[in-house]
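The values are calculated or read from the model by the stated rules, or taken from the named source; none is laboratory data. Worth saying up front: this structure is predicted, and the values here are computed from it rather than measured. Positions of Cβ are backbone-derived with ideal geometry, glycine not excepted, and every protein chain shown enters the neighbour counts. SASA here: full protein model, heavy atoms, side chains in, ligands and nucleic acids out. Shrake-Rupley method; radii C 1.70, N 1.55, O 1.52, S 1.80 Å.
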Amino acid sequence: MILAVSVVTDFFQAVLQGVPPGTVYALVAIGFVLTYKTSGVFNFAFGAQAFASMVLFHKAADEWGWGTVPAAILSVLIFAPLLGFLLEWAVFRHLRTAPPLSTLVVSLGLTVAIPSLVTILLDFSPKSGSSPHGVVPDGRTVRYDPFGVYPFSRDELVATIVAIVAVLGLAALFRFTPVGLMMKAVVESPRMTELNGISADRVSAGAWALSSFFAGLAGVLIAPRFTTFSANEYFNIMVIAIAAAAVGKLVSLPWAFGGGLGLGVVIALVSTFLPRWTDEFAWLKPVQENVLPSIPFVVLFGVIVFVPGLRKAIGSSDPLAGVDPPRQNVASVITSAGWMFLALKAVLLLGAVAVVYTQADRTWTLLVTQAVAMGIIFLSITIITGLAGQISLCQGAFAAIGAFAVYQLGEVRGMSVLVAVVIGGAIAAAVAAALSLTLRQLTGIWVAIATLAFAFFFDAVLVKQSWIGGDSLARSRIPRPVIGTIDFQDDSNFLLLAVIVLAVCALGVYLFSRGTTGRKLRALGGSEIAARSVGISPSRARVAAFALSGFLAAVGGGMLVIGQGSVNYGTSFVPFLALFWLIVVVTFGVRQPSGAIVAAAFFILFESVFLKGEIFGWILRGEDNIPSFFPLAPDWRYILFGLGTIQYARHPEGVLAMSAAKRRARSERRAADKVVVDSAAELGTPA
Amino acid sequence: MSAVLELDDVHAGYGPFRALFGVNLSVAPGEAVAVVGSNGVGKTTLARVASGLVRPTSGRVVVDGNDFTRARTFQFARAGVAHAPEGRSTFASLTVEENLELSIRRVRGNSGVRAGLDEAYEMFPALAERRQQLAGTLSGGQQRMLAMVRVLVDAPKLLVADELSLGLAPLIVEQVYEMLGRVRETGTALLVIEQHVSHALKLCDRVVLLDRGSVAWAGPASEAGEHVQSQLGVPAH
Ligand SMILES: Nc1ncnc2c1ncn2[C@@H]1O[C@H](COP(=O)(O)OP(=O)(O)O)[C@@H](O)[C@H]1O
Ligand SMILES: [Mg+2]
């Protein structure tokens, strides 16, 4: 009897305990749904926007010495909507009729660019040991305990009230007000809205201001939850919130609210009761510590895979899409680059390797080796995004599988590391194939979210298993291979080996994209609708692409850790970094292998060459001549590449192909000019 | 009195693709002009230029005496050019009533919405029964009606109607044209794009025959018969 009472009390307490974090998820989920409903953009940058307001709030309140109220007004009421206006005006206005995957990539770019940009512009560096505080006076310390089982802090109470007010207010906005109606109309078809005499630009600017305001509000309200000032925390919370938003198919505000709250409560219940069950059932024990961190991602993945009709829930298509010119056929740009150009590229690349091989010091040799290994990983993005038209956000997990395979087989079991690389590749290929089979019914955006869920699941749970990441997370010493008499302990030799592996992989990618499956994928251009309408099931080709991509990522990950001599999961493979990989590759050109290779070179060498200013050292001959404003903050690479994705959305073929196309256009123009000059000369008139 | 719409040597297209090559056309107030021509000659493009959806690469577009060449689509609508586009032209994700509200509110203000809705439902009782239904779930004919009603509450100066009869049962086509006739009587000028020419010729004063992006022939509807027949290979009546 006593036992039963305590169970009820505990249950009640757990539910109450789940409310505050649930409210946080709900707030972010509501904001996310709001952005999606009013702009049609699946906006990963929502967390970044929230972070930006939070940083400005702290800058104003703590460093400029403004009061809490003026600082909150500045950051939430003024800055946040302005940021929304800016994003709409500079970026999303031009993408209104772009395919959803392009806007998704751009929002990923902004996700990495905005936090760095804001931090640098505001010159914000949190005092060490300080943690974010909220807007509510004494928010953390004053507590209320209405039921006598769980005391709510004032912060939590305010956040809960705001979430409830927001969900009611926003629901009313969409149901009863003309503005809400116009926002919904613009999302479906900006052009038809304009045919009704309504300026789509004005409406969507307003929509972005509103959703950005909400991001700012959520940003300062949930700040007390975090112990550090980190954009990553906001991104992670947002991924959890996406799970809540997905419950309502991304469009229902009440469901997003309920989903967020439900998630918080379920997590609290599990963390209260699971330990008791494991006391009774020993076999549950190993599961226990992994269940909690995995809940949001399992829910997100589960919702995506099992909720029927999700696919249809995503946007009705614009009936006036026919007004846009067809997207340029990129394949033609690539093939017409010609073998001369390809040969030139190959010679340049080999030349660069030769110079590094013979001239470079150890640091540089290792850096270039890293770039080469990264190139192999990036080729996996060429396959999955460039060729299959899917966005995968779990390439980091695949690469990590390769790295861990090398660690487990090569270091722990003493197998040849090169064999371990191949086995790692095979494992990752199998995982990738299984993943894509699970997702075969889903289209673009959902694949991106599901792979993100997998990446976070891998990060939160699998990495920590002894048979996967194990002790390598603390310390590892990966041996270099020996083939016959060649000892790759020598860094230059290993560089050559890595280049050969890269060349083989690039050739493999090339052959795959020319083969039957590749041609099929290219013909589909990532369009499931096109695929189904011509009666091809896209799933088999897609599974093949996923498997190959997983293989490449793992091989690259394996080579990377062999080159470095250790596995550094935290600095090499975490989900947020993998998201940045995609952005870099996309900026340089996701459709051709050379894009991946140049992207890798930039990714690894950018910091040394540009941010540390060594390039000036080379030009000016001497380390002493590097201008004094170097080194630049490493954050600049996030800013540059993040903003580079905007470019991608307008020119999906990437920087490299663009310059190739420009070159061709220029030579054609020159040829045309020549004709004019010739005929002018014939007529005896000056041209 | 100036023309409601005037196209002056208009060239237009889509990115690198060209579709119109120097089209001249004018529609006087209250006049009904039919644009006919076979598939792909640029009729829809012409309609889109007339309502600002496609901006000409050269030439001029004049609405009611004002230069609208660089104007935005919504400004065309506000100047009194209504466009019923080809194919589906309702907001599938909005209810019937929301579809109507969207256009009524802009024209008549918040206070006129109720009266406008009543008027619309009176015109089409079928829509009244389905007012809370998502427009995407209506039949093709009903959607066309909805699009028309939306355009009509506006009492525009010019109605651009692109292939209204496409894919509709003959009986419904009759209804649509009957409606266009009524619209004419209210003083709205019409620019009717049609492949099925017989209805259009009956309704309109003048005919513009389009061929591969240029005007092949233009003249009174009464003289159009042989030209249309030689161009399209179908009898006009
Ligand atoms: N969005 C578009 N992008 C490129 N070309 C287009 C587009 N829409 C139409 N066209 C082309 O422009 C020409 C004229 O098309 P359209 O105006 O739709 O003709 P019609 O309405 O007379 O059938 C056609 O050759 C068509 O293929
Ligand atoms: Mg047409």
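Starting from residues that are more than 10 Å from ligand 1 (Cβ to nearest atom) and within 15 Å of the chain's Cα centre (by Cα), keep the ones in the range B:45-62 and report whichever is farthest from residue B:185 (Cα to Cα).
Once the filter is applied, the top-ranked residue is B:53.
For residue B:38, work out the one condition from (1) part of a strand (DSSP E or B); (2) farther than 19 Å from residue A:190 by Cα it doesn't fulfil.
Only one criterion in (1) part of a strand (DSSP E or B); (2) farther than 19 Å from residue A:190 by Cα is unmet by residue B:38, namely (1).
State whether one or more residues within the range A:30-37 are open to solvent by 10 Å² or more (accessible area, probe 1.4 Å) and assigned by TED's automatic domain parsing to the domain that holds residue A:126. Spell out how you get there, then give the answer.
Residues of the range A:30-37 open to solvent by 10 Å² or more (accessible area, probe 1.4 Å): A:36-37.
Checking which are assigned by TED's automatic domain parsing to the domain that holds residue A:126 leaves us with A:36-37.
Yes: the range A:30-37 contains one or more residues that are open to solvent by 10 Å² or more (accessible area, probe 1.4 Å) and assigned by TED's automatic domain parsing to the domain that holds residue A:126.
With the condition kept exactly as written, say whether any residue in the range A:353-360 is modelled with pLDDT under 90, under 19 Å from residue A:479 (Cβ atoms) and outside any helix (DSSP H, G or I).
Going residue by residue through the range A:353-360, those that are modelled with pLDDT under 90 are A:353-360.
Imposing the further condition that a residue be under 19 Å from residue A:479 (Cβ atoms) reduces the set to none.
Scanning the range A:353-360, I find no residue that is modelled with pLDDT under 90, under 19 Å from residue A:479 (Cβ atoms) and outside any helix (DSSP H, G or I), so the answer is no.
How about the range B:105-159: which of its residues are at pLDDT 90 or above, outside the structural domain of residue B:64 (by TED's automatic domain parsing), among the charged types (D, E, K, R) and within 26 Å of residue B:185 (Cβ to Cβ)?
Matches in the range B:105-159: B:114, B:118.
Go through B:174, B:223 for me and flag whichever is assigned by TED's automatic domain parsing to the domain that holds residue B:45, exposed (fewer than 13 other Cβ atoms within 10 Å of the Cβ) and not in a strand (DSSP E or B).
B:223
Tally time: how many residues in the range A:217-236 are of a type in the set (Val, Ile, Thr) and either open to solvent by 10 Å² or more (accessible area, probe 1.4 Å) or not in a helix (DSSP H, G or I) (or both)?
Qualifying residue count, the range A:217-236: 2.
Please go through the range B:32-44 and give me each residue that is under 14 Å from the mean Cα position of the chain (by Cα), away from chain A (no Cβ under 13 Å) and among the hydroxyl-bearing types (Ser, Thr, Tyr), ordered by number.
none
Looking only at the range A:142-156, which residues are among the aromatic types (Phe, Trp, Tyr) and touching a residue at least 40 places away in the same chain (Cβ under 8 Å)? Even if it seems obvious, please write down each step before you answer.
Applying the first criterion (among the aromatic types (Phe, Trp, Tyr)) to the range A:142-156 yields A:144, A:147, A:150, A:152.
Passing the criteria: A:147, A:150, A:152.
Going by the conditions given, is residue A:566 assigned to a loop (DSSP other than H, G, I, E, B), small (Gly, Ala, Ser) and open to solvent by 10 Å² or more (accessible area, probe 1.4 Å)? Talk me through it step by step, then tell me what you get.
Numbers: assigned to a loop (DSSP other than H, G, I, E, B): yes; small (Gly, Ala, Ser): yes; open to solvent by 10 Å² or more (accessible area, probe 1.4 Å): yes.
Judged against the criteria, residue A:566 is a match.
Tell me, yes or no, whether the range A:120-134 has at least one residue that is closer than 29 Å to residue A:643 by Cβ, of a type in the set (Val, Ile, Thr) and away from chain B (no Cβ under 14 Å).
Yes: the range A:120-134 contains one or more residues that are closer than 29 Å to residue A:643 by Cβ, of a type in the set (Val, Ile, Thr) and away from chain B (no Cβ under 14 Å).
Only one of (1) touching a Gly at 6+ places or on another chain (Cβ under 7 Å); (2) surrounded by fewer than 14 Cβ atoms within 10 Å (Cβ to Cβ) is not met by residue A:165, so which one is it?
Condition (1) is where residue A:165 drops out.
Rundown of residues vs (1) without any contact (Cβ under 8 Å) to a residue 24 or more places away in the chain; (2) closer than 23 Å to residue B:82 by Cβ; (3) surrounded by fewer than 17 Cβ atoms within 10 Å (Cβ to Cβ), yes/no style:
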{"site": "B:198", "(1), (2), (3)": "no, no, yes"}
{"site": "B:206", "(1), (2), (3)": "no, yes, no"}
{"site": "B:209", "(1), (2), (3)": "no, no, no"}
{"site": "B:214", "(1), (2), (3)": "no, no, yes"}
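Can you say whether residue B:95 is in the same structural domain as residue B:129 (by TED's automatic domain parsing), of a type in the set (S, T, N, Q) and either open to solvent by 10 Å² or more (accessible area, probe 1.4 Å) or away from ligand 2 (no atom under 16 Å from the Cβ) (or both), as far as the supplied structure shows? Lay out the reasoning, then the answer.
Numbers: in the same structural domain as residue B:129 (by TED's automatic domain parsing): yes; of a type in the set (S, T, N, Q): yes; either open to solvent by 10 Å² or more (accessible area, probe 1.4 Å) or away from ligand 2 (no atom under 16 Å from the Cβ) (or both): yes.
Here the answer is yes, as residue B:95 does meet what is asked.
Which residue out of A:383, A:445 is aliphatic (A, V, I, L, M) and closer than 18 Å to residue A:551 by Cα? Please lay out each step first, then the result.
Numbers: A:445 fails: closer than 18 Å to residue A:551 by Cα.
Testing whether each residue is aliphatic (A, V, I, L, M) and closer than 18 Å to residue A:551 by Cα leaves just A:383.
Away from ligand 1 (no atom under 16 Å from the Cβ), assigned by TED's automatic domain parsing to the domain that holds residue B:210 and open to solvent by 10 Å² or more (accessible area, probe 1.4 Å), is that true of residue B:181? Steps first, please.
Details: away from ligand 1 (no atom under 16 Å from the Cβ): yes; assigned by TED's automatic domain parsing to the domain that holds residue B:210: yes; open to solvent by 10 Å² or more (accessible area, probe 1.4 Å): yes.
So residue B:181 fits the description; yes.
Can you tell me which of B:59, B:15 is within 14 Å of chain A (Cβ to nearest Cβ), more than 16 Å from ligand 2 (Cβ to nearest atom) and without any contact (Cβ under 8 Å) to a residue 60 or more places away in the chain?
Details: B:59 fails: within 14 Å of chain A (Cβ to nearest Cβ).
Only one candidate passes the filter, namely B:15.
What residue, among those in the range B:191-220 that are part of a helix (DSSP H, G or I) and within 15 Å of ligand 1 (Cβ to nearest atom), is farthest from residue B:158 (Cα to Cα)? So that I can check it myself, show each step before the final result.
Taking the range B:191-220 and keeping what is part of a helix (DSSP H, G or I), we get B:197-203.
Of the ones still in play, those that are also within 15 Å of ligand 1 (Cβ to nearest atom) are B:197, B:200.
Values: B:197: 20, B:200: 16 Å.
Checked the range B:191-220; the qualifying residue farthest from residue B:158 (Cα to Cα) is B:197.
Can you find a residue in the range A:457-466 that is among the hydrophobic types (A, V, I, L, M, F, W, C) and touching a Cys at 6+ places or on another chain (Cβ under 8 Å)? Working first, answer last.
Step one: filter the range A:457-466 for residues among the hydrophobic types (A, V, I, L, M, F, W, C), giving A:457-458, A:460-463.
Pick out the ones that are also touching a Cys at 6+ places or on another chain (Cβ under 8 Å) and you get A:458.
Within the range A:457-466 (the criterion being among the hydrophobic types (A, V, I, L, M, F, W, C) and touching a Cys at 6+ places or on another chain (Cβ under 8 Å)), the answer is yes, since at least one residue qualifies.
If residue B:106 meets every condition in (1) open to solvent by 30 Å² or more (accessible area, probe 1.4 Å); (2) more than 9 Å from every other protein chain (Cβ to nearest Cβ); (3) over 27 Å from residue B:220 (Cβ atoms) apart from one, which number is that one?
(2)
Can you name the condition, by its number, that residue B:187 falls short on among (1) free of Cβ contacts under 8 Å to residues at least 60 places away in the same chain; (2) in a loop (DSSP other than H, G, I, E, B)?
Among (1) free of Cβ contacts under 8 Å to residues at least 60 places away in the same chain; (2) in a loop (DSSP other than H, G, I, E, B), residue B:187 violates only (1).
All but one of (1) within 13 Å of chain A (Cβ to nearest Cβ); (2) within 16 Å of ligand 2 (Cβ to nearest atom); (3) open to solvent by less than 10 Å² (accessible area, probe 1.4 Å) hold for residue B:144; which doesn't?
Result: residue B:144 fails condition (3) only.
Please find, within the range B:73-92, the residue that is nearest to the chain's Cα centre (by Cα) out of those that are at the interface with chain A (Cβ under 7 Å from one of its Cβ atoms) and open to solvent by 50 Å² or more (accessible area, probe 1.4 Å). First the steps, then the outcome.
Step one: list which residues in the range B:73-92 are at the interface with chain A (Cβ under 7 Å from one of its Cβ atoms), which gives B:73-74, B:77-78, B:83, B:85, B:87-89, B:91-92.
Okay, now just the ones that are also open to solvent by 50 Å² or more (accessible area, probe 1.4 Å), so B:78, B:88.
Working: B:78: 15, B:88: 13 Å.
Checked the range B:73-92; the qualifying residue nearest to the chain's Cα centre (by Cα) is B:88.
Which pairs have Cβ atoms under 6 Å, sit 6 or more apart or on different chains, and link a residue in the range A:18-42 that is closer than 14 Å to residue A:245 by Cβ and touching a residue at least 24 places away in the same chain (Cβ under 8 Å) to one that is of a type in the set (D, E, K, R) and open to solvent by 10 Å² or more (accessible area, probe 1.4 Å)?
Close Cβ pairs (under 6 Å, with a partner that is of a type in the set (D, E, K, R) and open to solvent by 10 Å² or more (accessible area, probe 1.4 Å)) amount to A:24/A:225.
Tell me which residues, restricted to the range B:32-44, are within 12 Å of ligand 1 (Cβ to nearest atom) and either open to solvent by less than 10 Å² (accessible area, probe 1.4 Å) or of a type outside the set (S, T, N, Q) (or both). Spell out the reasoning first.
Pass one, the range B:32-44, residues within 12 Å of ligand 1 (Cβ to nearest atom): B:35-44.
If the condition is that a residue be within 12 Å of ligand 1 (Cβ to nearest atom) and either open to solvent by less than 10 Å² (accessible area, probe 1.4 Å) or of a type outside the set (S, T, N, Q) (or both), then B:35, B:36, B:37, B:40, B:41, B:42, B:43 are the ones that fit.
For the subset of the range B:1-31 comprising residues that are open to solvent by 70 Å² or more (accessible area, probe 1.4 Å) and under 18 Å from the mean Cα position of the chain (by Cα), which member is nearest to ligand 1 (Cβ to nearest atom)?
Per the criteria, the residue is B:24.
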